[in-house]
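Visitor: Here's a structure for you.
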Amino acid sequence: MVKQRRKSSLGDIFKCLMAFMILVGAAEGLGSGTASAAKAPIGFVAGSYGVGQATDVAQNVTAMAMNHDYIYLSDLFYHVIRRIDRSTQQEVVYAGNGVDGYSGDGGPAKEARVGIAYGLALNASGDLYISEIENNRVRKIDAATGIITTVVGTGAAGFDGDGGPAGDAELNKPKGLAFDASGNLYIADSQNLRVRKVDTAGDISTYAGVGNIAVALDNAPATDIILQYPSDVAVDASGNVYIATVSDHKVWKVKRIGSVDMMSTFAGDSSSGYAGDGGDAKFAKLYRPLGVATDSDGNVYIADSTNKRIRKVDITGNITTFAGGGVSVPGDGGAATDAGFDTPIDIQTSAGDVYFTATDNRLRMVDNSGILSTVAGNGTTSYSGDGRLASTAQLGNVYAMAMDTSGNLFYADTENNRIRRIDAAGIVTTIAGTDVAGFFGDGGPAAAAQLTSPTGIALDAAGNLYIADSGNQRIRKIDANGVISTIAGNGTQGYSGDGGPATAAAMNAPIGVALDPQGNLFVSELTNHVIRKIGTDGIVSTVAGDGTAGFAGDGGSAAAARLKSPVGVAADAAGNVYFADLGNLRIRKIDTNGNIRTIGGTGLSGDASPGGAAVDADLGGPTGIAVNAIGDVYFTDSTDHRIRKITPDGILINVAGDGTAGNSGDGGMSDLAKLSMPYAVALGTDRLYLSTYVSPPAAPGGRLRYVELESAAAPAITQDPADTGANVGDGVTLSAKATISDAGTLGYQWYSNGTDSNSGGTPIAGATGDTYTPPTGAVGTKYYYAVAVNTNNDLTGASKAYAASQAAAVTVSAGGPAPSTPTPTPPGICCVQVIVNGKAEQDCASRQTVKDGRTVVVAKVNEQRLAQRIADAGDRPIVVISICGDPDAAIADLSAGMAKTLEEKNATLTLRTPKAFYTLSVPEIGTASLTASLGAASTSEGTRVQIEIAKATAEQADLARRAASGEEFTILASPFSYAVRAVFGDKQAAAPGYDHYVQQGLALPDSIDPAQVTTSLVLASDGTARHVPTKLESIDGVTYVVARSLADGTNAVVRHPRTFADLAGYWALPEGNDMGSRMIVFGDEKGLFQPKRDITRAEFAAMIARGLGLRPVTGDSQFRDVGAADWFAGEVNAAAGRGLIVGYEDGTFRPQAKITREEAIAIVGRAIELTGLEAAKTPAEGEALLSGYRDATKVSSWAHDRMIDSLRAGLVNGRSASLLAPQSPVTRSEVAALIRRLLRNSELIS
């Protein structure tokens, strides 16, 4: 199906979109919604007026004034006056609070509202005068006090007041300002067609212009001359006044002759054009001159705006082009006449240099040698701050945001055609896009690519970033290595391609993107009025909308429904899709069956009060949308200037905004804050992030703010239902109790289950109390549990929290008396032994369940008995929990309190089955911090710590097969997973890693020859595998493959023999082949080892990290010369995180520099602490070994102690018996030998 559509630019679409929102919503709100049902602290993340080095700050400069110390600029975009310190080039905001308007007289200028300033001038005292064109006023900022006052104009547009106080006069669109040597102020009163003069007594008069355009005169008294819209005024050293008039394309000169101010044409023949250079200025052609200035030599400079040139008239009246007209953009560093720039507006001179502003957002200077440079501005109105704190950065309008699991906030800086990132430290960086809009860069680094108006972003679990590159009609993807590609859209504007590859489809303004848990990408297309899906197979389809704008289809198939301008889109954990149907003023939901319904909005414009049904609420302009884990739907109600939430029960809640436009309230409560057309939202761990739209009178440009999220408290189960028995037909009552710690409402929902589990059950209709009477009409055993629900709609975060009771078994018998004791434990699992310091006791508190076809044994030991045994055992007891049989998963389940007791006793704990074991020192778990990550104290009731050994799932086994295929190794035995986690209610937190090695053992099947085993590999979720130190050990006559690991994961025992042809006959043959077989060292593209090649610092860091089994660490590096996309970044970050490697004082790592022998040995010396290697020799013996080398004095002082440690541990050999060569580069063969000795001497490998 192909539908032809009228082509339009994306900029036009966005303008129409925002105009539509304003039309339907009314910028100040339409309804009576003043109450707020949820509130929390609100704060500020990013977006400012811009401060710092003047050339780095984005600004739209119109007028300027300067003295010896400062340059003052008026910024049309941000409604502020800026000041540049001429000695340091540092720029600050001098006046204006960023909001267009008029306020603040009598107070600090920085707190005042300043209107559009088209003229600035300084008097001899340094006081700054500002002409505000829309306010019809001239205001003054006192240099000594910083206080702002109005000195000319009442604010009414008109002509009145000549002969009286200037403050009582009327102006009409005042523009340029100038002072003469006597302190008189001249004002280009443009719409009054006059130049007005305010004398030093403060009285106003007309200096030039008759106020009409009836009959043109020349060389006449100034008050008889017709001024056709004066734009600027200047005064030379002799007191002559120059006036630029726009409509007749002239510059006039007023000269005092006797007692009369005579006025005549100075430049321009009254017709528009560009001509006359080299001749008399009066006969030249100008085109809408906007600015005029004079220098100390009597030259006059003209901002010839439409000709995009600066013209100069010398003292003889001869005119030339002084700057502009060239093709070099921006032209800095070259001749001013070679440069090209946009419309010049204002012009000033200082000490022989000429300064001018232009509409290309820069202040430029031409020095007295004719060379052009930029003094202020970076060429944009709203982009700055990369590498600095986001709070000082300048943003355009932000149309989308997303947060990753590391706390990085990504946002689409739409108007600047960039994707930017704010890291956890608050530093902003551009990760995609340049200052040029376009389509370029696929297959290369995203930071060098071109985007056009990106409007939507989404992140997947692997760290890939998806972008709605709206202006290019494409969906782009940035992978974890920073490489960009197109995954949907062929670049043409249209609607076609369903059922085929997404890259061949035509799209029309793709504006929002979202991912479901399966990895399907959903795209809202604004002007196609559809939601489309890009499946994991790359095929595109339409899931909602028939391509026609309208509203229809609720209750039926989403594909047959009608939408109107869908914008934001989001998906929940269950796969339901939500979107802001902006044109219909509704929030709609597509369920997993493909049916659509409205969950918020009536279709009528308004500002509904919170607390009622969301479907009955009138909305102003829903745009951005996000959904949390429990189903709360957050959305921006843009023209109502609010952030709202729809709870899972369908209640509308106001989260932020008082319904009026603005950017105030940071640090206070969110319901009292003023928001300016919020557009996008994103959920973080404990914050909701929002962007505000740049729309007068709000400023300063785009801003990112946040609302603290306070969620409903999880209920605490105080009574679990008990196992019970009954005869057929008997009445049985189960009871569960819970408490809550906040002001929410407590409720219950009972579930039935076929297995002994408190998850995955079927909700029982009507069973919503704290007791439940199960049916007893049929013989058999069934399990029941209650879920306590806390509902609290007065909070900004999750409105519901849940906690499940333990499952209770209800066994119904055919007849006879009901059993008086709980149902016996099923046969075959009362074989758990708890062994403390070699003494075993049977423990029958375990349960066996079947989940997803896998048998799971949970060993819940008698903790009272175990605590007593631990107390009797003394310090450092060895505890073994042994489970018989062959379960698919075995879990040792301890209360957090029991785990804490074992930790305090420095216990070693082993979970063992006939097939595998897991041994670790309990302090490695860090019970307190692990449980705290769940929001629970380590001793909280119901908090558990679990250690698990499990056979690989089908998905993990498939992952192993794929990894083996890619890396060419053979899997010898089925992989096993090892895990430690904390559990609290329905929350889980995995142990992040360990400070010392834990042991993860796997019994080698009898069919496998131990000689075939090379090592164990840890399988990563991306299909890659990495080495973990592995050793074969015989325990009770069974051969185990024992991996020493610093983290949990899925381990596979593999065969991977590797030989390198160029090691034949070389001393390092066994070391090199062994390290190659273990995938610690790799060959070159020809399969050669290159044993004599010097190694770089990056290569060594990667080898030592692989050898020790360190898990690569993604994200930003502590070293400024290690990029996230560098092949070695993960290993360098991991080694640095363990303290093995350090950089240089300048913050660099210098990855490509060759590493010296002493640097490598020092790193290995630090690794000794991690591996636990005990030195074979004393420190004195180590010193003696070092002194035996004749070049021992060449060992650097910082490396000395680590060198001694390595010598004592038997890790280091010299280049010869007498030569250590500490400053020489280390070779690949030496590194292989060094790492192998470290691992073998530490008994980490066989």
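Visitor: Could you list, in sequence order, all residues of region 487-513 that are within 28 Å of Thr636 (Cβ to Cβ), outside any loop (DSSP other than H, G, I, E, B) and either among the β-branched types (Val, Ile, Thr) or out of contact with any Gly (no Cβ under 8 Å at 6 or more places or on another chain) (or both)?
Guide: Ile487, Ala488, Gln493, Ile511, Val513
Visitor: Quick one: is Thr223 buried (at least 16 other Cβ atoms within 10 Å of the Cβ), touching a residue at least 24 places away in the same chain (Cβ under 8 Å), part of a strand (DSSP E or B) and assigned by the TED database to the domain that holds Ala293?
Guide: When the stated conditions are applied, Thr223 does not pass them.
Visitor: Go through region 1141-1167 residue by residue and tally those that are outside any loop (DSSP other than H, G, I, E, B), among the β-branched types (Val, Ile, Thr) and out of contact with any strand residue (DSSP E or B) (no Cβ under 9 Å at 6 or more places or on another chain).
Guide: So the count comes out to 3.
Visitor: In this structure, does Val99 turn out to be assigned to a loop (DSSP other than H, G, I, E, B), in contact with a strand residue (DSSP E or B) (Cβ under 8 Å, 6 or more places away or on another chain) and hydrophobic (A, V, I, L, M, F, W, C)?
Guide: So Val99 passes the test.
Visitor: If Ala1068 satisfies every condition in (1) modelled with pLDDT under 90; (2) touching an Asp or Glu at 6+ places or on another chain (Cβ under 9 Å); (3) over 19 Å from Ala1233 (Cβ atoms) but one, which is the exception?
Guide: Among (1) modelled with pLDDT under 90; (2) touching an Asp or Glu at 6+ places or on another chain (Cβ under 9 Å); (3) over 19 Å from Ala1233 (Cβ atoms), Ala1068 violates only (3).
Visitor: Which of the residues spanning region 1038-1071 are under 17 Å from Leu1108 (Cα atoms) and either among the acidic types (Asp, Glu) or in a helix (DSSP H, G or I) (or both)?
Guide: Asp1048, Glu1071, listed by residue number.
Visitor: May I ask you to list the residues in region 1168-1217 that are among the hydrophobic types (A, V, I, L, M, F, W, C), exposed (fewer than 15 other Cβ atoms within 10 Å of the Cβ) and part of a loop (DSSP other than H, G, I, E, B)?
Guide: Correct list: Ala1176, Ala1217.
Visitor: Do we have any residue at all in region 823-840 that's modelled with pLDDT under 75 and basic (Lys, Arg)?
Guide: No - not one qualifying residue is present in region 823-840.
Visitor: OK, next. If you go through region 150-167 one residue at a time, do you hit one that is in a helix (DSSP H, G or I) and under 29 Å from Asn97 (Cβ atoms)?
Guide: yes
Visitor: All but one of (1) surrounded by fewer than 18 Cβ atoms within 10 Å (Cβ to Cβ); (2) at pLDDT below 95; (3) small (Gly, Ala, Ser) hold for Ala504; state the number of the condition that does not hold.
Guide: The single condition Ala504 does not satisfy is (2).
Visitor: Let me ask another. Can you tell me how many residues in region 1118-1165 are surrounded by 19 or more Cβ atoms within 10 Å (Cβ to Cβ), small (Gly, Ala, Ser) and within 22 Å of Pro445 (Cα to Cα)?
Guide: So the count comes out to 2.
Visitor: Conditions: (1) in a loop (DSSP other than H, G, I, E, B); (2) of a type in the set (D, E, K, R); (3) surrounded by fewer than 24 Cβ atoms within 10 Å (Cβ to Cβ). Asp607 meets all but one. Number of the miss?
Guide: (3)
Visitor: Same structure, new question: I'd like to check which strands (runs of 3 or more DSSP E) are fully inside region 837-921 and have at least 1 residues that are farther than 22 Å from Gln956 by Cα and among the basic types (Lys, Arg).
Guide: 839-843, 847-851, 854-860
Visitor: Now, a different point. Among the listed residues Phe410, Phe439, which satisfies the condition of being under 30 Å from Gly1023 (Cα atoms) and in contact (Cβ under 8 Å) with a residue 12 or more places away in the chain?
Guide: Result: Phe410 is the single residue among Phe410, Phe439 that is under 30 Å from Gly1023 (Cα atoms) and in contact (Cβ under 8 Å) with a residue 12 or more places away in the chain.
Visitor: Still on this structure, please answer the following. Go through region 540-562 and report how many residues are in contact (Cβ under 8 Å) with a residue 24 or more places away in the chain and touching a helix residue (DSSP H, G or I) at 6+ places or on another chain (Cβ under 7 Å).
Guide: Qualifying residue count, region 540-562: 7.
Visitor: So, in region 684-730, of the ones that are within 24 Å of Phe77 (Cα to Cα) and of a type in the set (Lys, Arg), which residue ends up modelled with the highest pLDDT?
Guide: This residue is Arg705.
Visitor: Restricting to region 610-638, and then to whatever is assigned to a helix (DSSP H, G or I) and more than 31 Å from the chain's Cα centre (by Cα), can you tell me which residue is farthest from Ala713 (Cα to Cα)?
Guide: Among residues in region 610-638 that are assigned to a helix (DSSP H, G or I) and more than 31 Å from the chain's Cα centre (by Cα), the one farthest from Ala713 (Cα to Cα) is Asp616.
Visitor: When you look at Ile1161, is it touching a Lys or Arg at 6+ places or on another chain (Cβ under 6 Å) and among the β-branched types (Val, Ile, Thr), yes or no?
Guide: Against the criterion (touching a Lys or Arg at 6+ places or on another chain (Cβ under 6 Å) and among the β-branched types (Val, Ile, Thr)), Ile1161 does not qualify.
Visitor: Are any residues in region 356-367 assigned to a strand (DSSP E or B) and either among the polar types (S, T, N, Q) or buried (at least 23 other Cβ atoms within 10 Å of the Cβ) (or both), and if so, which ones?
Guide: Scanning region 356-367 gives Phe356, Thr357, Ala358, Arg362, Leu363, Arg364, Val366.
Visitor: Enumerate the strands (runs of 3 or more DSSP E) found wholly within region 397-486, keeping only those where 2 or more residues are touching a Ser or Thr at 6+ places or on another chain (Cβ under 9 Å).
Guide: Filter on region 397-486 gives 398-403, 409-413, 418-422, 454-459, 465-469, 474-478.
Visitor: With the checklist (1) in a loop (DSSP other than H, G, I, E, B); (2) free of Cβ contacts under 8 Å to residues at least 24 places away in the same chain; (3) buried (at least 16 other Cβ atoms within 10 Å of the Cβ) in hand, flag the one item Asn212 doesn't pass.
Guide: The number of the failed condition is (3).
Visitor: Determine whether region 211-227 contains at least one residue that is over 17 Å from Leu120 (Cβ atoms) and under 55 Å from the mean Cα position of the chain (by Cα).
Guide: Checked against the condition, which is being over 17 Å from Leu120 (Cβ atoms) and under 55 Å from the mean Cα position of the chain (by Cα), region 211-227 yields at least one hit.
Visitor: Looking only at region 591-608, count how many residues are within 16 Å of Val655 (Cα to Cα) and more than 32 Å from the chain's Cα centre (by Cα).
Guide: 0
Visitor: Which condition number does Gly1023 fail, the rest of (1) assigned by the TED database to the domain that holds Ala990; (2) assigned to a loop (DSSP other than H, G, I, E, B); (3) touching a strand residue (DSSP E or B) at 6+ places or on another chain (Cβ under 9 Å) being met?
Guide: (3)
Visitor: Can you tell me which residues in region 322-338 are within 14 Å of Thr374 (Cβ to Cβ), surrounded by fewer than 22 Cβ atoms within 10 Å (Cβ to Cβ) and more than 38 Å from the chain's Cα centre (by Cα)?
Guide: Gly334
Visitor: What number of residues within region 119-128 satisfy the criterion of being crowded, with 23+ Cβ neighbours inside 10 Å and under 16 Å from Ala166 (Cβ atoms)?
Guide: Number of matching residues: 2.
The values are calculated or read from the model by the stated rules, or taken from the named source; none is laboratory data. Note that the structure is a prediction, hence the values are computed from the model and not measured. Cβ atoms come from the backbone with ideal geometry, glycine included; neighbour counts cover every protein chain shown.
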